[in-house]
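Trainee: My questions all concern the structure below.
The values are calculated or read from the model by the stated rules, or taken from the named source; none is laboratory data. Note that the coordinates shown come from a computational prediction; the quantities given were computed from them, not determined experimentally. Every residue, glycine as well, gets a Cβ built from its backbone with ideal geometry; the counts of neighbours run over all protein chains shown. In case anyone asks, the SASA skips ligands and DNA or RNA and just uses the protein heavy atoms, side chains included. Shrake-Rupley method; radii C 1.70, N 1.55, O 1.52, S 1.80 Å.
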Amino acid sequence: MTPNQPINISTNQLFNYTLHLADNNLILGHRNSEWTGHGPVLEQDIALSNIALDLVGQARNFYQYAAQLKNDGSTEDTFAYLRDANEFKNVLLVEQSNGDWGKTILRQFLFSVYQYYLYQQLEKCSDRTIASITEKALKEITYHIRWSSEWVIRLGDGTIESHARMNNALHELSEFTDELFIPASYEIEIARQGIMVDPVFINARWREKVEAILREATLPFLSEDNNKQSLSGKEGQHTENLIHILSEMQSLQRAYPGCEW
Amino acid sequence: MPLQNHEEIFQKKVDREVRIEPRDWMPDQYRKTLIRQISQHAHSEIVGMLPEGNWITRAPSLRRKATLIAKVQDEAGHGLYLYSAAETLGITRDEMIRQLHVGKAKYSSIFNYPTPSWADMGAIGWLVDGAAIMNQVPLCRASYGPYSRAMIRICKEESFHQRQGFEILLTLSTGSDAQRQMCQDAIDRWWWPSIMMFGPNDDSSPNTAQSMKWKIKRFTNDELRQRFVDICAEQVKILGMNLPDPELKWNQERGHFDFGPINWDEFWNVVNGNGPCNKERLEARVKAHEDGAWVREAAVAYANKRKTDPRQATAPSSSHFEAGQSLLK
């Protein structure tokens, strides 16, 4: 693209979609990094920080691509630090509070499985940049699924207390899983252009994998009619959680505008 | 063999720079000194995650955020190597952690100072990690094998952290007035506590002689401190900042920088628990441990179930998961 070329509808939807992918990863990475130094066992503190690092790294790749698409001097940091909550396109699941270790683990598991099946499609998509970012990310996500599913099983089938805590976590988070598969306007458009499949397509695989792990964890299946959320994070409608995340994350950039750090 | 012969053989090995390994005979006091020193170092890494972890969620760019997460994660890794090294001397990690939580074991006092500004991430890297490296590089040759090997890995990462810290300050030093002020303020706050990291002056450090004879220690506190001051006095010029010591001056005769008197009252006050953040740091560690109890218990319960369960062969991970401390895969 040459400078000053206007963004047409198709690049605009690809741009929105790229931001959506980036925002999911940044916000979940940020949430996970809140645990750094506070984990239940040193090895697991390291493991979750590692996942946070992977997610922030993936987010940076997508933001850099979004900056390239927009081509107006935007950078990865202007997207992360200078947009307001209503411009963020992450799903509601990733912005939910950490809660206890069980909720954090379950949130990671539910998201990683989604991300895995989605990226398997994106890896083959017609946009070469997205294909190459997701191809690299899939190696990391494979580990995230393994690690988080092992913990879901261990905690679900551990003690009476851990089982009860996982049940609570499931109850709290299941209201946010349907959004993963309800396409946003930009997802419909890029699916129409053949860049990406409709997210509905991966719903069945996601459900199958999640249910298999929950079964092994002796936890109940997610009910089919748990869509109680009327907000759409993908479309910029967020829970209050995101406002708090951003006011913390963006504080220095907002307090000292225009500085290099 | 009489004890005296054991001691002679031990000291001869140390003198010939042969590493002492876990199964070798060693004097009780050598073992105790190492347990105290290594566990104190491990605790310092773990408590040290807190003042910096504090800024992960507020790091001002994505690059800084990623490097800060990686750095704090490295510190957890260092804690892990060191706890493992100490365990070879016959103490468990649980016991070391218990000693930390009840206040019996110490950690480096430097982490009892607050990190109110982003520039502190730079100052900690440059000064605190810089002082740590000065102390730690000679430990790569410590007479106890597991300790020296842990230190070799740690030193490599620490020097990387130190360069990152300096680079944070360098960026601030060429930034806006507010950023330059932030930079100087952080240097002002961290300079003296960093100088104190080398411990008491040689004439009031009674254990130094024995530790040097055992080759746990290679240089005295004052030697290392002087080396650190000499290096920083030059590096601060690159930043265009000042070290907060009016008496800092090159001494041609000594070939070193002279520096002002250290406030040892402050040092002992912080060591004895009255620093600005002693209470918060320890509380945060205790809270993490207590909040995590149910997770560790569940992991143990699950591992035990798998041991007696015929499904074990297909269990996801129990084979390499013992007692809630699964290794990072």
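Trainee: How many Å² of accessible surface get buried when B and A come together, counting both sides, probe radius 1.4 Å, rounded to the nearest 100?
Mentor: Approximately 4700 Å² gets buried when B meets A.
Trainee: Given 20 °C and 1.002 mPa s, how large is the Stokes-Einstein diffusion coefficient of chain A in µm²/s, with Rh as the Kirkwood radius over Cα pairs?
Mentor: Using the Kirkwood radius from Cα pairs, D works out to 114 µm²/s.
Trainee: Please quote Rg/Rh for the stretch B:210-283 to two decimal places, taking the Kirkwood radius as Rh and restricting both calculations to Cα atoms.
Mentor: 1.07
Trainee: Mind checking the angle between helix A:128-156 and chain A's longest principal axis? C-alpha axes, 0 to 90 degrees, to the nearest 10.
Mentor: 20
Trainee: Any idea what log10 I(q)/I(0) is at q = 0.18, 0.19, 0.25 Å⁻¹ for the stretch A:182-261, Debye with uniform C-alpha scatterers and no solvent?
Mentor: -0.97, -0.99, -1.12
Trainee: Which lysines, on any chain, are close to A:Lys89 with Cα under 18 Å apart, when same-chain ones fewer than 8 places away are left out?
Mentor: A:Lys89 reaches A:Lys70, A:Lys234.
Trainee: Let me ask something else. Taking the Cα centre of chain B as origin and charging only Cβ (+1 Lys, Arg; -1 Asp, Glu), how large is the dipole, in debye to the nearest 20?
Mentor: Dipole of chain B, to the nearest 20 debye: 1260 debye.
Trainee: Over 46 Å apart: what share of the alpha carbon pairs of the protein assembly as shown falls there, rounded to a whole percent?
Mentor: Counting pairs separated by more than 46 Å, the tail of P(r) holds 23 percent.
Trainee: Moving on. Could you work out which residue, out of A:Asp157, A:Asp77, A:Asp100, moves most in a Gaussian network model of chain A, that is, has the largest mean-square fluctuation with Cα springs under 10 Å?
Mentor: Highest fluctuation among the options: A:Asp100.
Trainee: Is there a quick way to get the dipole size of the stretch A:157-260? I mean about its Cα centre, with the Cβ of Lys and Arg at +1 and of Asp and Glu at -1; what is the value in debye to the nearest 20? Mind showing how you got there, number by number?
Mentor: Working: 9 positive and 18 negative charges, 29 e Å.
Computed charge dipole of the stretch A:157-260: roughly 140 debye.
Trainee: For chain B, with the dipole built from +1 on Lys and Arg beta-carbon atoms and -1 on Asp and Glu ones, taken about the Cα centre, which of B:Met134, B:Ala42, B:Met197 lies farthest toward the positive end?
Mentor: Going by the charge dipole, the pick is B:Ala42.
Trainee: Apply the Karplus parameterisation 6.51 cos²θ - 1.76 cosθ + 1.60, with θ equal to phi minus 60°, to every residue of the stretch B:176-189 and state each ³J(HN,Hα) to the nearest whole Hz, in sequence, with x for glycine and proline.
Mentor: 6, 4, 4, 5, 5, 5, 4, 5, 5, 4, 5, 4, 4, 7
Trainee: Between A:Arg207 and A:Glu161, what FRET efficiency comes out of the Förster formula 1/(1 + (r/R0)^6) with R0 = 30 Å and r the beta carbon distance, rounded to 0.05?
Mentor: Efficiency, from the Cβ-Cβ distance: 0.60.
Trainee: What are the residues whose amide H is under 5 Å from the amide H of B:Ile20, where those residues sit 5 or more places off or on another chain and H is modelled from the backbone?
Mentor: B:Tyr144, B:Gly145
Trainee: Would you tell me the mean number of C-beta atoms belonging to other protein chains that fall within 10 Å of each C-beta in B:296-308, as a whole number? Please list the in-between numbers first.
Mentor: Values: counts 4, 5, 16, 10, 3, 9, 11, 2, 1, 3, 2, 0, 0.
Average neighbour count from other chains, rounded to a whole number: 5.
Trainee: Something else about it: So what is the relative contact order for chain A, in percent, with contacts set as C-alpha pairs under 8 Å and at least six apart?
Mentor: Values: 330 pairs, mean separation 62.1, N = 261.
Averaging sequence separation for qualifying contacts and normalising by length gives 24 percent for chain A.
Trainee: Which of the peptides A:39-48, B:244-253, B:174-183 is most tightly packed, and how do the rest follow, going by the mean number of other Cβ atoms within 10 Å of each residue?
Mentor: A:39-48, B:174-183, B:244-253
Trainee: Here's another thing I want to ask about it. Before rounding to the nearest 500, sum -39500 (n - 2.57) across all DSSP H runs of length at least 4 in chain A and divide by the residue total; then give [θ] at 222 nm in deg cm²/dmol.
Mentor: Values: 11 runs with 169 residues, N = 261.
For chain A, the value works out to -21500 deg cm²/dmol.
Trainee: Averaged over its residues, how many other protein chain Cβ atoms are within 10 Å of peptide B:66-79's Cβ atoms?
Mentor: Across the residues of B:66-79, the mean count of other-chain Cβ atoms within 10 Å is 5.
Trainee: Same structure, new question: When Lys and Arg each count +1 and Asp and Glu each count -1, what net charge do the other residues less than 12 Å away from B:Ser61, Cβ to Cβ, add up to? Intermediate results must be reported in sequence, preceding the final value.
Mentor: Values: positive: A:Arg60, B:Arg58, B:Arg63, B:Arg64, B:Lys65; negative: A:Glu76, A:Asp77, A:Glu260.
Combined, the nearby Lys, Arg, Asp and Glu give +2.
Trainee: While we're looking at this one, here's another question. Give me a comma-separated list of calculated 3J(HN,Hα) values for the stretch B:68-76, in order, Karplus coefficients 6.51, -1.76, 1.60 applied at θ = phi - 60°, integers in Hz, x for any Gly or Pro.
Mentor: For the stretch B:68-76, the Karplus-derived couplings read 6, 4, 4, 5, 5, 5, 4, 4, 4 Hz, x marking Gly and Pro.
Trainee: With every protein chain left in place, what is the accessible area of B:Leu170 in Å² (1.4 Å probe, nearest 10)?
Mentor: It works out to around 60 Å².
Trainee: Let me ask you something else. For the stretch A:15-78, count the residues as N, evaluate 2.2 N^0.38 Å, and divide the Cα radius of gyration by that value, please.
Mentor: 1.29
Trainee: Quick one: plug the Kirkwood hydrodynamic radius of the stretch B:125-255 (C-alpha pairs) into Stokes-Einstein at 25 °C, 0.890 mPa s, and report D in µm²/s.
Mentor: In µm²/s, the coefficient rounds to 153.
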